[in-house]
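The values are calculated or read from the model by the stated rules, or taken from the named source; none is laboratory data. Just so it is clear, the structure is predicted and the values come from calculations on it, not from any experiment. Neighbour counts are summed over all protein chains in view; Cβ atoms, including those assigned to glycine, are modelled from backbone coordinates with ideal geometry. Keep in mind that these areas ignore ligands, DNA and RNA; they rest on the heavy atoms of the full protein, side chains included. Shrake-Rupley method; radii C 1.70, N 1.55, O 1.52, S 1.80 Å.
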Amino acid sequence: MRWSGRSGTIEAKWGRRVGGISEYKRWLSLDEQIAQLKVKGVQFSIMDENAARDYLFRQNNYFRITAYRRNFQRHPSGPKMGQYVRVEFAYLVDLAGIDRVLRDLILGMALDIEHLAKMEILQLVEINVEDGYSLVRDFVVGMDDNERRILDGEIARNRHNTYCGDMVRKYEGHFPIWVFLELLSFGKLCSFYRFCAERYGRRDMVENYYRLRMCQILRNAAAHGSCILNDLTGRKSRVRTDEQLSRALAEIPEITKGVRLKKMSNERVQQITTLLFTYRQMAQSGEDHVYQCEKIKSFVERLNRSRPYYSDNSLVDSIFEFIEILIDKWYDIR
């Protein structure tokens, strides 16, 4: 495919090529979207077609809302083969709504975790009587050329930022630790956190680093508005569940080993579980903790509000139950 513009023609390998021509899916009108959903077995008895059409026009788009169909079974054979089994459009809308609440919760918890990770680093500086500059210098010197180039680029882009540009301009090239921490992305903060943990022999922080990385991935997905709950089917996760987290899950009587392994096989559920555990470990008191616990309580209430929708969907219902058990055991939200 070719992109043309004032700067010339840019070659790009986008789209599936058939006979030398890129093949694209045609834009469907709202009526065609409804018709397509009906062909796939989606029903409109709870939310009628007019309400669904308005929803697709004003609140969400067809591509995103249909992504939640992955959580429902299809007829394996017979005249309805390939169609979804007892799926209402209202169920898809409901999952999208729960997802929106979850993304908000993830972002709040991740921001607190990021702040607390910075505080742990500053505590190390205090305990080990660092001067506030050598730690930053040694971290940067230890990077390879590509890593350093990326870091320099991230900091340079903030040079004229309304909120932190003055810090970049004032300390550029010679950042003290308390300024450096304010300029790091979550990803770079995780790397710096591990560097500090290894420098001072903090095994507990090294272990926490891997959990922070998982929280960062989930936080980035939420920050970019990605669907979180649109594919809850079990599969082999690319990352092994953290040992400390596994032990904490094993201590919950309501969660059997089989359930634990099955739920942790889905990376999304694994990441949500890791976030809940990491927040519980790092934020055990304070005003922010109380605030987040209230949001967690609201999220559980939102889950339960529509649980009857999924009474015959063991996948969705069991994962909602799993998350509720974790929150009940790890957080005092009554």
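Equivalent-ellipsoid semi-axes (√(5λ), Cα gyration tensor) for the chain, whole Å, largest first?
Details: eigenvalues 331, 170, 66 Å².
So the equivalent ellipsoid measures 41, 29, 18 Å along its semi-axes.
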Exercise for review: Check the straight Cα-Cα distances from residue 40 and name the lysines below 24 Å, setting aside those fewer than 8 residues away within the same chain.
Suggested key: 25, 80
Exercise for review: Pick out, in residue order, every one of the GluC sites (Glu not before Pro) in segment 141-185 that is DSSP loop and has at most 14 other C-beta atoms within 10 Å; say none if there are none.
Suggested key: 172
Practice item. Evaluate the charge dipole of segment 128-237 about its Cα centre and quote only its size in Debye, nearest 20, assuming +1 on the Cβ of each Lys and Arg and -1 on the Cβ of each Asp and Glu. Key: 340
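For segment 190-229, with all protein chains present and a 1.4 Å probe, just round the carbon and sulfur fraction of the accessible area to a whole percent. Mind showing how you got there, number by number?
Details: 850 of 1750 Å².
Carbon with sulfur: 48 percent of the solvent-accessible area.
Taking a threshold of 24 Å on the Cα-Cα distance, which of the pairs 236/257; 263/297; 188/236 fall above it?
188/236
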